[in-house]
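Chemist: One structure coming up, written as structure tokens, with questions to follow.
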């Protein structure tokens, strides 16, 4: 399987990722991408949700930072309430 192929853009701006590339990268229908344009290059980067362990690590880090900043649960509840009412 090759990771080098050519394709072209349709009149609607759609680009087909060639089958060999899709298979090599295990791309599936519905996969989402970030599209980056730089110079004459277009880069597609797949978006994937973090693994549960990564989410847990991010949550632990957020809790550490909140504690270090002196935030209390009542502060968070107030902030959430203010955002919901549009303050």
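The values are calculated or read from the model by the stated rules, or taken from the named source; none is laboratory data. It should be emphasised that the depicted structure is a prediction, and the values quoted were computed from it without experimental measurement. Methodologically, a virtual Cβ is constructed for each residue, glycine included, from the backbone with ideal geometry; neighbour enumeration extends over all protein chains shown.
Chemist: Looking at (1) surrounded by 10 or more Cβ atoms within 10 Å (Cβ to Cβ); (2) under 24 Å from the mean Cα position of the chain (by Cα); (3) at pLDDT 90 or above; (4) not in a strand (DSSP E or B), which one does residue 33 not meet, given that it meets all the others?
Modeler: (4)
Chemist: Using the structure shown, decide if residue 21 is exposed (fewer than 10 other Cβ atoms within 10 Å of the Cβ) and out of contact with any helix residue (DSSP H, G or I) (no Cβ under 9 Å at 6 or more places or on another chain).
Modeler: no
Chemist: If you check 71, 44, 76, which single one turns out to be surrounded by 11 or more Cβ atoms within 10 Å (Cβ to Cβ) and in contact with a strand residue (DSSP E or B) (Cβ under 8 Å, 6 or more places away or on another chain)?
Modeler: Working: 71 fails: in contact with a strand residue (DSSP E or B) (Cβ under 8 Å, 6 or more places away or on another chain); 76 fails: in contact with a strand residue (DSSP E or B) (Cβ under 8 Å, 6 or more places away or on another chain).
Just one listed residue meets the conditions, 44.
Chemist: Could you check, for the range 50-58, whether at least one of its residues is loosely packed, with under 10 Cβ neighbours inside 10 Å and farther than 30 Å from residue 31 by Cα?
Modeler: Let us first name the residues in the range 50-58 that are loosely packed, with under 10 Cβ neighbours inside 10 Å, namely 51-53.
Checking the rest, the ones that are also farther than 30 Å from residue 31 by Cα come to none.
Checked the range 50-58: no residue is loosely packed, with under 10 Cβ neighbours inside 10 Å and farther than 30 Å from residue 31 by Cα.
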